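The values are calculated or read from the model by the stated rules, or taken from the named source; none is laboratory data. From a predicted model like this one, the values you see are computed outputs, not experimental measurements. All Cβ positions, even for glycine, are placed from backbone atoms using ideal geometry, and neighbour counts span all protein chains on display. Side chains are part of the model used for accessible areas, which takes the heavy atoms of the whole protein and leaves out ligands, DNA and RNA. Shrake-Rupley method; radii C 1.70, N 1.55, O 1.52, S 1.80 Å.
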Amino acid sequence: MKKLSSFFILLLVVVSIAFAGDVFSFSVAPITPIYKESVAYTFSNSVRFSYLKTPKDAEYAVNALLATKKNEEGNVEYVSLPFRDADAHNTSFWYMKSASDIALLRFSWKNYVILEGYIHGGINTLFGAYGGVDTLGFDGQYGGGLDLGLFDKVFLRFGVHHFSGHWGDEVLYDFYERYEKGVDYLSLTEYTRNNSWYMGVRIQPVSFVSLGVEAELPQNKAWIRPASHVPGFTEKPSSEESPEKANTSAHIWNQEGASGRDNRSYPDSYKAWRIGVDIEGVWQISDQMKLYSAFDVQFHQDGKINPVSALYEENREWEKEYTLALGMGLKESKNLPEFVFEVSLHSGRVPLLNYWFKKTKYVSLGVGLSF
């Protein structure tokens, strides 16, 4: 007992000396994480208010919801049903995102090793920039886990992440005015990933350039929507709706009007991965001002699902999205968030989860905060 007491006293003395000598440090709420998300990625956890403009062409109008319907052969497939006519008014939008990424409980060994927890989350929404300014929908997201920094050059993140898309109430009103459930369609679809494993790495070889790679993999037991995106042997989390360990794809297909259908025929290689790659450059003009540029590419394995037939197709490629962002950041104090002016170019999906089936191109101009 005396030896054990002596050991703990010695350990306490060593730890006290180490912290007193600035070898180790601890912070309860450092707020700003050491791991930096891609600044150009649509769903990064930051604050943005932007004006989006797409080409004035009916092809780019965001005016339809995705539903299920039986075709002439009696098979359930997806159908895009307009809630209003396509015109130039459907090609201008106000985009708003309110999200934050917060670091907690940071342990540091100088700049050699830094370990911290993180939590993040927020809401993402899109309004039409015309007439009544109807909301097209909103997305909720949250996550948490651990960050690890090594020698102030390599930063790792591992945790869980949740996405969930929701249709806007005003467009639903217009939709229900036009269509009757059971006659014109079977069910509306949604886009959900609950929950996914998240893994990311950012390498900063020099102070003004960083490269990042991130990956999201749905867990074996998860809610995933739409039904056609669910990997074949994913299990549904327990609930009152159906027994625990039920097949998720069978459960969601039943909700979408295709009773008895599942995705067990999908190959084991299909996991509904999302992978992102980005590069960012920063020119620090002064302590209060910087210019930055970032290029982000997203790869969606669910692009192998045909968005009309709702069938997996081996010869289809992963869907890709491209975003280029150019901006200026202003920061009065290191204790304050950074105010940014930003312009970006995007080619890929509409920046709302439920509109994943709608491809677009846009330029955006806006302001925001980065923490």
Suppose the Debye formula is applied to equal point scatterers at every Cα of the stretch 82-158; what is log10 I(q)/I(0) at q = 0.24, 0.26 Å⁻¹? -1.05, -1.13
On each of the three principal axes of the Cα atoms of the chain, give max minus min coordinate, whole Å, ordered largest first. 80, 54, 36
Give the lysines whose C-alpha is closer than 24 Å to that of Lys334, dropping any in the same chain fewer than 8 places away, or say none. Lys36, Lys97, Lys110, Lys153, Lys290
Would you look at the GNM of the chain, springs on alpha carbons closer than 10 Å, and say which of Tyr198, Tyr173, Tyr355 moves the most? Tyr173
Per the rule of 0.36 nm per residue minus the C-alpha distance, extending Leu365 to Asp169 adds in nm 67.9 nm
Can you tell me the orientation of helix 169-178 relative to the chain, as the angle in degrees between its alpha-carbon axis and the longest Cα principal axis, to the nearest 10? 10 degrees
Give the calculated FRET efficiency between Ala129 and Ile275 to the nearest 0.05, with a Förster radius of 30 Å applied to their Cβ-Cβ distance. 0.40
Rounded to the nearest 0.05, what FRET efficiency do Val23 and Phe158 give with R0 = 25 Å and r taken as the Cβ-Cβ distance? Could you check? 0.45
Would you check the accessible area of Asp184, probe 1.4 Å, heavy atoms only, in square angstrom rounded to 10? 50 Å²
Label Asn315 and Lys69 with points 7 Å out from Cα along Cα→Cβ: what is the distance between them in nm? 2.7 nm
Round to the nearest 10 and report in Å² the accessible area of Arg193, as given by a 1.4 Å probe over the protein chains' heavy atoms. 10 Å²
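How much FRET efficiency would the formula 1/(1 + (r/R0)^6) give for Leu150 and Lys334, where r is the Cβ-Cβ distance and R0 is 22 Å, rounded to 0.05? All intermediate terms of the calculation are to be shown ahead of the outcome.
Numbers: r = 22 Å, r/R0 = 1.02.
The computed FRET efficiency comes out at 0.45.
Find the accessible area per residue for the chain; the probe is 1.4 Å, ligands and nucleic acids are left out, and the unit is Å². Could you put the intermediate results ahead of the total?
On the way: 18440 Å² over 371 residues.
Here the per-residue accessible area is 50 Å².
Which value in Å is the Kirkwood Rh of the stretch 40-137 over different Cα pairs? Before the final figure, lay out the partial values.
On the way: mean 1/r = 0.0586 Å⁻¹.
Evaluated on the stretch 40-137, it is 17.1 Å.
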The percentage of Cα-Cα pairs in the stretch 269-371 separated by more than 17 Å is 62 percent
Phi-based couplings in Hz for the stretch 313-321 (Karplus 6.51, -1.76, 1.60; Gly and Pro marked x): 10, 4, 7, 6, 7, 4, 6, 10, 10
Which whole-Hz couplings ³J(HN,Hα) result when phi for each residue of the stretch 111-126 is put into the Karplus expression 6.51 cos²θ - 1.76 cosθ + 1.60, θ = phi - 60°, listed in order with x for Gly and Pro? 9, 6, 9, 10, 10, 8, x, 8, 9, 8, x, x, 10, 10, 8, 9
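Rounded to two decimals, what ratio of Rg to Rh does the stretch 114-234 give with C-alpha atoms and a Kirkwood Rh? The partial results should precede the final answer.
Values: Rg = 19.5 Å, Rh = 17.4 Å.
The Rg/Rh ratio comes out at 1.12.
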